[in-house]
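The block underneath contains the structure these notes are about, expressed in structure tokens.
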Amino acid sequence: MKAIPCVFLLLFVAFLCLAQPAPDENQAAAQDQNEANRSAPLAVRPGGEAIKNKDLYERTGYFHPFVRMPKYILIDQKKIWTSPFHTPKKEIKYWLIFGGITGGLIAADKHIENAAPNNSTLRQVGAGASYLGQAYSLLPMAAGFYFIGTAKGEDHLRETGLLSFEAVADTTLLQAVLKPLFSRARPFQGNANGQFWDAPSRITAGFPSGHSLNTFAVASVIEHQYHHHLWAKVLCFGYGAGVAAARLAARQHFPSDVFAGAVIGWFTGDYVYAKRHNPDLDTEPSAARRILDHVHFGAAAE
């Protein structure tokens, strides 16, 4: 298995996807409040909001955010792929940590795969549950957030839908580059060793897991939007972990595939939230958020 050269490429990819540009001095004050409301460790410069204050519930207000979306996605891609040239030294530790963990998993993938339970029932259950991580399952969810929020006049829910849509668009483009770049064979292909640059089809290669990328990107957005609720953390991490486990059970991916996809997806969602979230929506909780403030599972909200 070509694990050693892959580790170096993996570190570079993690560098691309986890490292974020540092804020300049003029933006520091504006960012402080936003950073106080975030649970992720990496900072980015503020960007254009997905929902702007002028997006009223009139004719243009319904569609204005989607008119801006293609431009925002292009900006996201530029920032993600050029971020190694703008990364402060203090943030390099994050991509080293996650890249190192993934490199270790690559070395252990075959051993983990051999030791894991494997039967037809488990594979069928995993294949069925995998649909929850497909873009065609996640995008209707995002659309539901947006249109329900629009119908109810709830900008926070509406913004959640837009950010989820943008995050899935970003991860879809990322995997369109990363899968052919690594071209890793899946567990059921070739000699089952998960060799890199050996997949029968570069487009459908195994590394990183597209399901994990998409699912954790949306989970990251939702967790950030409702970070003060315990239920959001449990639901988001549980949903993402469930999809990742399903891909392993279906024997479609190695552990390193789903881990790398989860990490890149999570920080893509983190990036989108930091760039597009309108902090004005946090000043006066909506009716939906006031209701959710009373929903707790096992502990009080933070």
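Read the figures in this text as sums done on the coordinates, not as results from a lab. All values derive from a computational prediction rather than experimental measurement. Because the Cβ atoms are built from the backbone with ideal geometry, glycine has one as well, and the counts that use them run over all protein chains shown.
Some observations on this one:
- FRET efficiency estimate (nearest 0.05) - Cβ-Cβ, Lys78 to Tyr131, R0 30 angstrom: 0.40
- Calculated P(r) of the range 59-217 - Cα pairs past 28 Å, %: 37 percent
- Loop-located chymotrypsin sites (Phe, Trp or Tyr not before Pro) in the range 106-194, at most 16 other Cβ atoms within 10 Å (DSSP): Phe188
- Across Lys93/Lys179; Lys152/Lys233; Lys79/Lys275; Lys78/Lys275, pairs whose alpha-carbon gap is larger than 21 Å: Lys93/Lys179; Lys152/Lys233
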